[in-house]
Amino acid sequence: MIQMTDEHLSELLRKMYVNSMEAIFFIDEKGSVVAMNPAAESILDIEVIERMHAGVDDSFCQTCKGYTDEKDQMACSKCYLDYPKGDFSSFQVYLKTRGEGVVPYAASYHTIDEDRGIRVLMLLDLTKQQKTQEMLQRSNLLKYVIKAQEDERKRISRELHDSVAQELLSSLVDLRVVKYMNVEEDVMRKLQQTEVSLTRLLDDIRHLSVELRPSSLDDLGLEAAFRSHFKWIGKNYGLLVNFSAELSAARYGSEIETVVYRVCQEAVLNALKYAGTDEVHVRLCEENGSLQLTVKDDGAGFNMNYSEAKGTGLGLYGMRERAELVDGQFMLNSAPGEGTTVELRIPLSQDNKREADVR
Amino acid sequence: MMNQPIFHYQEEIDGLRDRFQFDFVSMALVQPAEDRFVLTWQFASGNINDRYKRIVLHSGKGIAGIVFKTGKPMLIQNVNTDIESRDLFNYPIIVAEQLKSLGAVPLWDGTRVMGVLLVGYRAENRLNKASFDIFQEGLGTAFGAFCAKEVSQP
């Protein structure tokens, strides 16, 4: 290191004071601001600066809204100005700023001149970092919500399938046994009617269970789950789904399978609702190390630039969000009169492959 | 149920369509045990495609499902105003046949609804309360092997 002259050093310090992005305040024992650098001036409210310059009120309190302690986000108790002995080497403080309201700053506060009681307060803008953190938190939360929803659906679906439907089935068997016992004809007739109702109820419960979350998705994988789902779509809505699957591995990570299933479900439902067609093509394949899903219809299509949602508008958002959960790419292509194509591409990392092998 | 005369429902509903100038008439029936007693459209007259054949009805869902469950006739005078467009996909027969005005009546076998008869137009407001009443009057009490009205239990 080159030894620097005191002169040189003070020049550098002065430059740092003037040019630094960090706001620097010098504050005396009474909490009055004795000096601040241009960066500090630029964040303070103009009124406050005027009052400080005019000497009406130069306390730092008029701009500080409190700092974060263990108990509160914005606390004023045990103010750092009054407790210079406390450890304020790093803390978060909220300031009323010019035109941007109350903004959080990372701050450090310490005494630099013991004799005259001068301390320095240095601030660094935290908004950007906080936004990043918020986004991260939101995406984590969304992941969590989707997972919780899937888990809950899985639980209810299993319950319906394994316990409610099973019980009903055994009652139905009992009922059939009764039919072969010596019973009067009018009782027989009533029994037959009850059998019809119960059989239909059993089917309804099974449908409900599959609608919530197909157990075949967990037990047999994407292809099987899709085949039964499309069959159900055909029966329920008369929509014909042309499905072709070209998969090397039968299974993928459960998160990936869920995403592909849900995105496809939503895309097909959209085609059913808005495309005005009774045929949809679905293709599932593996290309260049990624799992690819294509849902295509030759229906009405829509103008992508002029997006006035026919439904809630949440469907497309949800598909995109789900795709992001597994680092997938979601693409949508549509034009009026030219149908709609939805594409989902999910990279298959080594992790996913391994998970598939373990199964 | 024994010694049933054979009914030609296709001819029956063709006749109904002719008589009341409907654009579309169809009939859903509960299927036998082999098909798990599901309710499907068996006959149609004036249909523009065969999509109706693919549809399996669910009790309480769609036009026929509601009529089947409640046992009450149902009238939708104008599809465009009475059904929200985002709900329309739940009524596949309306979408498939582009119906705009329609009604449905239950077909009874004793105290059970065994089928649904649906009549409709592809123009708005063609079927209203008055004309639906006239149709039900004209249909009479019996349709094939079924009653158009519930037979009260003895």
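Kindly check whether there is at least one residue in region A:129-137 that is exposed (fewer than 13 other Cβ atoms within 10 Å of the Cβ) and basic (Lys, Arg). Don't jump to the end; show me each part of the working.
First pass over region A:129-137, keeping only residues exposed (fewer than 13 other Cβ atoms within 10 Å of the Cβ): A:129, A:131-137.
Of the ones still in play, those that are also basic (Lys, Arg) are A:131.
So far as region A:129-137 goes, yes, one or more of its residues are exposed (fewer than 13 other Cβ atoms within 10 Å of the Cβ) and basic (Lys, Arg).
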From A:257, A:246, A:279, A:287, which residue is acidic (Asp, Glu) and closer than 30 Å to residue B:42 by Cα?
-> A:279
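Could you identify the single residue in A:213, A:189 that is within 14 Å of another protein chain (Cβ to nearest Cβ) and of a type outside the set (Gly, Ala, Ser)? First the steps, then the outcome.
Working: A:213 fails: within 14 Å of another protein chain (Cβ to nearest Cβ).
After ruling out the rest, the residue left standing is A:189.
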Selected residue [more than 11 Å from chain A (Cβ to nearest Cβ), assigned to a helix (DSSP H, G or I), more than 18 Å from residue B:44 (Cα to Cα) and out of contact with any helix residue (DSSP H, G or I) (no Cβ under 9 Å at 6 or more places or on another chain)] from B:130, B:123 | B:130
Single residue of A:205, A:233 found to be of a type in the set (A, V, I, L, M, F, W, C), within 13 Å of another protein chain (Cβ to nearest Cβ) and either surrounded by fewer than 14 Cβ atoms within 10 Å (Cβ to Cβ) or more than 31 Å from the chain's Cα centre (by Cα) (or both) = A:205
Tally the residues that are closer than 17 Å to residue A:123 by Cα and touching a Ser or Thr at 6+ places or on another chain (Cβ under 8 Å), restricting the search to region A:24-46.
-> 8
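If only one of B:16, B:39 is touching a Ser or Thr at 6+ places or on another chain (Cβ under 8 Å), facing another protein chain (nearest Cβ under 9 Å) and crowded, with 19+ Cβ neighbours inside 10 Å, which one is it? Reasoning before the result, please.
Values: B:16 fails: facing another protein chain (nearest Cβ under 9 Å).
B:39 is the lone residue from the list that is touching a Ser or Thr at 6+ places or on another chain (Cβ under 8 Å), facing another protein chain (nearest Cβ under 9 Å) and crowded, with 19+ Cβ neighbours inside 10 Å.
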Unmet criterion (only one of (1) buried (at least 21 other Cβ atoms within 10 Å of the Cβ); (2) on the phi < 0 side of the Ramachandran plot) for residue B:62 = (2)
Scan of region B:46-87 for residues that are within 11 Å of chain A (Cβ to nearest Cβ), in a helix (DSSP H, G or I) and either out of contact with any Lys or Arg (no Cβ under 8 Å at 6 or more places or on another chain) or β-branched (Val, Ile, Thr) (or both), ordered by number | B:51, B:52, B:53, B:62, B:65, B:68, B:69, B:87
Of the conditions (1) out of contact with any strand residue (DSSP E or B) (no Cβ under 9 Å at 6 or more places or on another chain); (2) farther than 20 Å from residue A:160 by Cα; (3) not in a loop (DSSP other than H, G, I, E, B), the single one that residue A:216 does not satisfy is (2)
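Kindly indicate the residue of region A:143-164 that is surrounded by 13 or more Cβ atoms within 10 Å (Cβ to Cβ) and among the acidic types (Asp, Glu) and also nearest to residue A:317 (Cα to Cα) among those meeting that condition.
Looking only at region A:143-164, we keep the residues that are surrounded by 13 or more Cβ atoms within 10 Å (Cβ to Cβ), and these are A:143, A:146-147, A:150, A:153-154, A:156-161, A:164.
Filter once more, so that each one left must be among the acidic types (Asp, Glu): A:150, A:159.
Values: A:150: 18, A:159: 30 Å.
Filtering first and then ranking leaves A:150.
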Out of (1) of a type in the set (S, T, N, Q); (2) more than 19 Å from residue B:124 (Cα to Cα); (3) within 14 Å of another protein chain (Cβ to nearest Cβ); (4) in contact (Cβ under 8 Å) with a residue 12 or more places away in the chain, the odd one out for residue B:98 is which?
-> (2)
Verdict on residue A:240 being within 14 Å of chain B (Cβ to nearest Cβ), out of contact with any Leu (no Cβ under 8 Å at 6 or more places or on another chain) and touching a residue at least 12 places away in the same chain (Cβ under 8 Å) = yes
Could you say which residue among A:200, A:227 is within 14 Å of chain B (Cβ to nearest Cβ), of a type in the set (D, E, K, R) and surrounded by 15 or more Cβ atoms within 10 Å (Cβ to Cβ)?
-> A:200
Reported set for region A:1-51 where residues are within 21 Å of residue A:118 (Cα to Cα), under 42 Å from the mean Cα position of the chain (by Cα) and part of a loop (DSSP other than H, G, I, E, B) is A:20, A:22, A:37
Out of (1) buried (at least 17 other Cβ atoms within 10 Å of the Cβ); (2) in a loop (DSSP other than H, G, I, E, B), what's the single condition that is false for residue B:117?
-> (2)
Taking region B:6-45, which residues are without any contact (Cβ under 8 Å) to a residue 40 or more places away in the chain and part of a loop (DSSP other than H, G, I, E, B)?
-> B:6, B:8, B:21, B:31, B:32, B:36, B:37, B:38
For residue B:82, which of the numbered conditions (1) at negative phi; (2) in contact with a Phe, Trp or Tyr (Cβ under 8 Å, 6 or more places away or on another chain) fails to hold?
-> (2)
Residue by residue through region B:104-139, note down the ones that are out of contact with any Phe, Trp or Tyr (no Cβ under 7 Å at 6 or more places or on another chain), acidic (Asp, Glu) and either within 23 Å of residue B:59 (Cβ to Cβ) or free of Cβ contacts under 8 Å to residues at least 12 places away in the same chain (or both).
-> B:133, B:137
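Only the coordinates and a few stated rules stand behind these numbers; no lab work does. The shown structure was predicted, so the numbers you read here are calculated from the model rather than taken from an experiment. Backbone-built Cβ (ideal geometry, glycine too); neighbour counts: all protein chains shown.
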